[in-house]
Structures are given as C-alpha cells and as structure tokens.
1. Let me check against my output: what whole-number percent is the relative contact order of the stretch 170-301, with C-alpha pairs under 8 Å and at least 6 apart?
2. What is the packing order of peptides 106-112, 276-282, taking the mean over residues of other C-beta atoms within 10 Å and listing the highest first?
3. Hey, what did the stretch 174-217 get for relative contact order, percent, Cα under 8 Å, at least 6 apart?
4. Could you work out the local net charge near D317, counting Lys and Arg as +1, Asp and Glu as -1, over the other residues with Cβ closer than 11 Å to its Cβ?
5. Roughly speaking, to the nearest percent, how much of the stretch 167-280's 1.4 Å accessible area is carbon and sulfur?
6. Normalised by the number of residues in the stretch 235-279, what is the relative contact order in percent for Cα pairs under 8 Å and 6+ residues apart?
7. Of K380/K470; K408/K436; K439/K470; K374/K436; K120/K470; K212/K470, which ones are farther than 24 Å apart at the Cα?
8. Multiplying the sequence separation of S424 and D172 by 0.36 nm and subtracting their Cα-Cα distance, what value in nm do you get?
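The values are calculated or read from the model by the stated rules, or taken from the named source; none is laboratory data. What you are looking at is a predicted structure, and each value in this text was computed from that prediction instead of being measured. Backbone-built Cβ (ideal geometry, glycine too); neighbour counts: all protein chains shown. SASA here: full protein model, heavy atoms, side chains in, ligands and nucleic acids out. Shrake-Rupley method; radii C 1.70, N 1.55, O 1.52, S 1.80 Å.
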Amino acid sequence: MSVRYTLNLKVFWPVVTGLCTALVCLYHALRSSEGARAESPDGADSGFPLLKVAILLLLGYILLRCRHTIRQRLLPGSSRPCGHANFSARPLQEPGLSILLESYYEHEVRLSPHVLGHSKAHVSRIVGELVQAGRARGSPGPITGGALALAFRGDFIQVGSAYEQHKIRRPDSFDVLVPLRLPPQVALEPRSLGTEPTLAPAFRSCFVCALKAPPSPSGTTTGQWHRDCKPFAEGFCVDVQGRRHLSATLVLRWFQAHLQRSLATVRYSLEGRCRVSLTPGGLEQPPTLHILPCRTDYGCCRLSMAVRLIPAVHLGDGVFLVAPPPPPSPSGALSELPGGLRAEALWGVNTARQEQKLLGWLQERAPPGACYLKCLQLLKALRDLGARGLDPTAATQWGRILSSYVLKTVLLTVFLNEGGPTHSWDEAHLSECLEKLVKFLRDCLLRRRDLFHCVLGPGGAAAEVGPLPKALREAAPVDLLAPFDLHARELAAARLLSIWRRLPQLLRAYGGPRYLARCPTPRSQRIQGFPEDEP
C-alpha cells in the first residue's frame, strides 16, 4: 500500500523556531562568557541582544504562517468571499463537500505514518519481551508446571485497525492476541451457538469448547484419558450439559495472574525505556498494558499507549477463540442463557487474519487511487462527531451500535456485493463513496438489509480468505446488529442521517483550517440523496 508523506506545518515551524532559539541562546551564552573575560574598554556589549533576536524569530514565524494561510485561501476552488451572489465562477466557489472532507481528513483524522510506525515498533518490543518472560516462567496457578500446564505459546499476533491501515487520530491504543498452548493430552471440540433457537441474538456469535481426547496411536482408553486430564479439567473447565468445557473465565483469571508475574520479571529491564503497568480487566474485559514514556526518553514519538492483551486459543487456519466474549447488549442478559449453558464457558471468535486477507484481496483488485480505506476512516470520524453532546449512557450505546467492527463490516459487505472496488471508488468521488456507505449503514439499521459477519457461516467470504476450520464453516450466519432492539437502531439511524445532512457545518466547526468556517453552505451544494425529515 502506497503511503503519502506530507509535511505537518503544525509541527515543523514550532520545531524550527525552537531550534533557532536554542542556537541563539547558545551563541549569546558563548559571547557573554567571552565578554566576561575580555570586556571592551568602554563597557559596550558587542553581542546582539537576545530579546531582539527572539522577537525577530517570532515575527518570522508569524509571517510564514500568514503566507501559508494566504496561499491556501488563493487555491482554486478553496473558498470565496462571503456574500458573493455568483456561485458559477470556479475560483470563488464555496468549498464543496469533497474539499471539506479532504481538509478534515488531513487535519483531524489522518495518522502520521512515521508516528504510527514508531508506536507499533515500540509496542512490539515491549509485548515481545513480556510474552517471552511469560513463556519462560511456566504456568503458575491451578497447575504448577508439567505436561498438563497451560502456558504461553511464545508469540503474539497484532490485530485491529492500527495493523489494517485504517486507525484514526492517535496511535495510542492497540490490540494484541496472546496465543496459549494447551497440553498435548487435550484437544478441543468447538461448537457455534448460532443455531440455538432459544438463545438471545447477543450470544449467537459465541462458541463453546468441549474437551476431547486427541487422536493417539497408543490406544489410551477414555477412562484413562479422563483420569490423566483431571487436574487440567478441574483447574480450567466447567460442566456444561454433562461434558467438561474449557472456561473462558478461568483461563482469563489465570492469564491475568500470569501476566502480573511476568511483568514483575521484565519491569527492571524496561525502566530505561519506558514505564509499564498492568490494569486487570476483571471477568468482562482483557487486561490492559499501559506503556508510558520514560522521563529520560527523548525520542520523537513520546506517546502514552494502552495495549489490550487478549488470551487466545488457536483453532486452526489462523482462527482464534478469545476470552472474554464480546459483551452482551442490554437486550441480552447473561441470565437468558438456556439449556444448561453457563456464561463462564462462552468464548468469542477472532477472525482478524481472514479479514486482513480480505482487505488484501480488495487492495489487489482496487484501481490506483481508490479511497475505500479513507472512506472507512471518515465513517469512523463521523461516528465520533455523532457522539458529541450525548450523555454518557447514550454515547456508549451509540458507540456500541456503530462500533469500528460494524463499520469495517459495512465496507467489506459493500465491496463483496459489488465484486470488489471499481473505478467509482476513485478519490475524486470521495463524497459519493462515503455517501454510499452511509446509505448502506442506514438501511442495515432500519432492517432493510442484514449485516452479516463476513467470515462466519456458509455465506462468508471463504473463497477469498482461504480455508476455515469446520466449526466456522458450519456456523450459522451472524447478524451483527441483531442484538440491538429496533427502537435503538431507529434512533441511531435518525442521528446518522442528521449528522450527514449537517456534515459541512460540522466539518467547518470541528476541523480543518478555520477559514473554511466563515461562509454558510449554499443550498445548491447541500448533500443530496437523503430526505429532509427524520425517519
């Protein structure tokens, strides 16, 4: 993927001014020390006063900034004087939606590839040392070492938007899967809950994993296998419908304790580079590793980062079960689990590898200059704009309905329906492409369309992403918006349409150069395609 590097003037000119000021201070200090040793007979100071130099530098900085602003204002089609009645002359046009989106993207959404690369490399080094220390420590907890111990596999897998090139704003949060190694005497039999007719929709994307004996030529009997695996089953399993199932809750509890011990091992060696701390997530969230810059760290990317460390069990073909599963919606409480199911036995599924392959498949077929990732980033920025002004409860509900995973699935589904990105996704049609995604999302919220998981089920994108484990191929299709009731979805759709109709005003108010905010949008250039009334 080609990355376009642009000069960030917000950072460049203050850095230049600071460096020049430091050089002048050094020069003045050297001249002062020389003057103290050999002062002129008349007592005059031949050095240039520091205050005058600083004032000259400040004036130069202001002039350069004004020059940049004037150049931007004189760009063709960038703005026009307020109150002008003729909208046909191109140099005097009101900024169109595409120009506003480009400006907002460059100033508020786009990440610096340099800063993102440094952040990912820093996270990779710290997490790598922590995982290796955890692998070397063995397995504390219910089983202390031995062939039946749960342990770190020794590697980690970086997932999420930061590694799929569509993260926005700041590279300060990351997701990392930490694969676990099961004992060789233990095999798993995963089963999707999507076919359970009495199960709430919030849990139909979950899996349960029963223990079974692995294929063995030694001819070990079932009774002997149960006796051999009894310590592992008692430490990490629960009974579900008469069978022992691997417990996500017990595994997560062990994982957090093991990470704390491993962090104590590497904390001293990390003191010179950063400060690290671990926040347990309890039984509903994975633990979070906080990486803070050290006071003696003078690197160019001194960011505080939060890394979610997610315990994962490999099912095969790059698919992992993760603990804990996604939190249920308010309409799907844990008390609604039927048929002897237990919340401790529920696992989520992570198909990040398949989704990365799918994005790569789209990139191979995309024409040069396709803007689909930029549209996804702007769609996420629109969601963040929509959360402004909401109370905490409403903002949380809004963010869960329009989660980053839902928005990414919208993009993938649109492309799969179209057979891949076409020339209509050229960057020159940025506003039209974004409008297409917003319309599709509106239809999904209003139940005019279904938004199915792109990998799970027989209708997934298996042909594009390669082979999948049997449990995923046989899983029922999962509608990502089904856990939310119709009223909540209608409210989200109404707010989405309201944001889209007011998008030019919002972009002027919350991002980009302030000269774009001086003129109202002419009625002829308002966004088309949506009714004026709320649904």
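1. After rounding, I find 14 percent.
2. Ranking the peptides 106-112, 276-282 by packing returns 106-112, 276-282.
3. Here the relative contact order equals 42 percent.
4. Local net charge: +4.
5. The C+S portion of the solvent-accessible surface of the stretch 167-280 is 52 percent.
6. Over the stretch 235-279, the number comes to 23 percent.
7. Check vs 24 Å cut-off fails for K380/K470; K439/K470; K120/K470.
8. 87.4 nm
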